[in-house]
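So the structure is just underneath, and the comments pick up after that.
The values are calculated or read from the model by the stated rules, or taken from the named source; none is laboratory data. The shown structure was predicted, so the numbers you read here are calculated from the model rather than taken from an experiment. Cβ: placed from backbone, ideal geometry, glycine included. Neighbour counts: every protein chain shown. These accessible areas exclude ligands, DNA and RNA; they are computed on the full protein's heavy atoms, side chains included. Shrake-Rupley method; radii C 1.70, N 1.55, O 1.52, S 1.80 Å.
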Amino acid sequence: MENKSNKDGEDKPKNFHPKVLLIWLAILAAVIGLAMAQSPGVTPSHSNITSINDLMLEARDGNIDKAVIESDPKGGEEWYAIQGNFKNPAYLATSNEDEYQLLPFYVKGRVTESEYKELRNLLGGKLRENPSTTIWTDLLFSLLPFLLIIGLLYFLFVRQLRMAGKGALNFGKSKAKLLTKENEKIVFDNVAGCDEAKEEVSEIVDFLKDPKRFRKIGGKIPKGVLMVGPPGTGKTLLAKAVAGEADVPFFSISGSDFVEMFVGVGAARVRDMFEQGRKSAPCLIFIDEIDAVGRQRGAGLGGGNDEREQTLNSLLVEMDGFDGHEGVIIIAATNRPDVLDNALLRPGRFDRQVVIDLPDLEGREAILKVHAKKIKLSDDVDLNSLARATASFSGADLANLLNEGALIAARRRKKMVERIDLDDAREKISFGTERRRAMDDEDRKIIAYHEAGHAIIQAVVDDGLLPIHKVTIIPRGQSLGSTMFTPKKDILNHSKRRVLNQVCCAMGGRAAEEIEIGDVTSGAAGDIRMATNIARSMVCDWGMSELGMISYGDKQDQVFLGKELSRAQNYSEETAQKIDYAIKEIIDIQYTRAMKILNENLDALHKSAAALLEHETIEGKHIHEILDKGEIISPIIKSAPLSQQGKDAENKNKEDEKSDAKSKDDELGHGPEPVGIPA
């Protein structure tokens, strides 16, 4: 008989299905109903018939309609129970003199043989005899419902308790899943944008395939590889590619799978996971989000030895303890390497840290090529220019970009994805979806001047690295308007001149509001927050202030660490006041600079705001045309909402189909007959 088991090779008890409960309840109801039907029912006796003698008298008078007689073995062989219907002579129906009121009766007593024969003669076919019941049948019918209920309770509860007991024994079993060959196979060709990381992990694959080549010269393969990088850069995907390339068992588990409500379960699962690995050595074990169990020890506010620390201690011992784990290679991934315990990062445990950063220009183009294989792209789509316009996008963002472009093209009833669809998808991902909401003229004017202020200042101070892409007063995401920029390259360093320009541009919206309406609004809250963060980084982290090249930016936001709560501030109160003053001075100077730039280009500010009020969205080149030539020269393309674009495209396709059908009919001679001289 075949033994069915799960992928990990462990037998799992079958879960109790609700249908089984319904079936058992139906069987119980049927048996109880049958028992009630078979057991003799006691009917109330009429007052005229209280004994066997009364019954004989009424039978002789012809007042018995029918009767059922059965012997009662409890009272002896001549003891009988008789029940039936009695015709009440005191009641005469008005419709028929022969119709009597029938009343039930039930009596028990001794019936002699002569009385029994007389009853048979008097009633004839109205007398029916039931076979006598025994004590065993009565006992069976009385106890059967209780037996069924007890059996059902046993089946429901005792069986489940036994399964729970088995489950308790399996708490310490590892939840690591063995990746089988039936799963979708991912290889290194499916991973793009991280060539250096692929090269490092490919050494592990080479060692697993040919370990002798490394051992001949005395080399040892790293016992653990920690992949570090921002979310969406492809850490888990690279681990899957390692599993696809290496022809060895590959176990995958998440860091959260070790943590349970019972103390000691996580440590037991770590030991069981490595035990499975030793049985399948050489093998790979991938732990995703290892920071769930690898956080620094001693971080609890109350101290003590909690469950997470026990799990981490077990992991440390298994990775490089007294016994070791020859042939078991650990690959872990995290985007929080700063919170990991130092003992976990030392050589011998995680010997190598593979940094998977955001892809560069070539990496983004390679990622786009990988994901574009499944999407129908138009000829006007240039993946290189799209990669240039998606600086700071991760691999997951780029995959989402192509998918959103395909969805937008489908909504517009297109057969292929065009460049404009991908541009709209990029704006949707970066700035949010358009929200066309009703606004009065005053709000539209404030938003128009606010965004025009950003655009004018950015166009004046920009050195070509961060040109304006679009300016719109259509709400996107949580903002009421947006000034969009498109970086020309990946920004790796921040110069003082450029970050000051960013602060000045952020102040442009508030300055434009003050110039035009003579008041300020809350619309600049996000700009003020961004400018404050930039100025604080300049003073505390980058040394770009009069306070000098001193770092005041020790992180104080890791409140889960107990030591962070007890550590004193590493600078004096006087220095803190100087930091606040330096931050305020940077913002005040750039706000004054923004006011000066807008006053010098006041006419351009008014024209840009008027163009936004009229067209709602203008491009960056239109801002430069207003600054250089005093007016907009290039045509402004107004875009309708996606839903309206889809309807327009559908109507256009229907008209094109009608025109194509008409031209085809004309070619085949099915059109209107020509007017001319008849033959």
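Worth a mention:
- Solvent accessible area, Å² - R278, 1.4 Å probe, full protein context: 80
- Using the average count of surrounding beta-carbon atoms within 10 Å as a protection proxy, the listed peptides 338-346, 285-293 rank, highest first, as 285-293, 338-346.
- For the cross-link pairs K198/K376; K235/K584; K220/K279, the ones whose C-alpha atoms lie over 30 Å apart are K235/K584.
- Two-site label geometry, S551 and K373: point separation in nm, points 7 Å out along Cα→Cβ: 4.3
- Amide proton proximity set for M227, modelled H, under 5 Å, gap of 5+: A332, A333, T334, V354
- Accessible-area value, D320, 1.4 Å probe, nucleic acids and ligands omitted, Å²: 40
- Among the listed pairs K240/K415; K209/K374; K374/K414; K596/K638; K470/K596; K212/K373, a Cα-Cα separation exceeding 27 Å is found for K240/K415; K209/K374; K596/K638; K212/K373.
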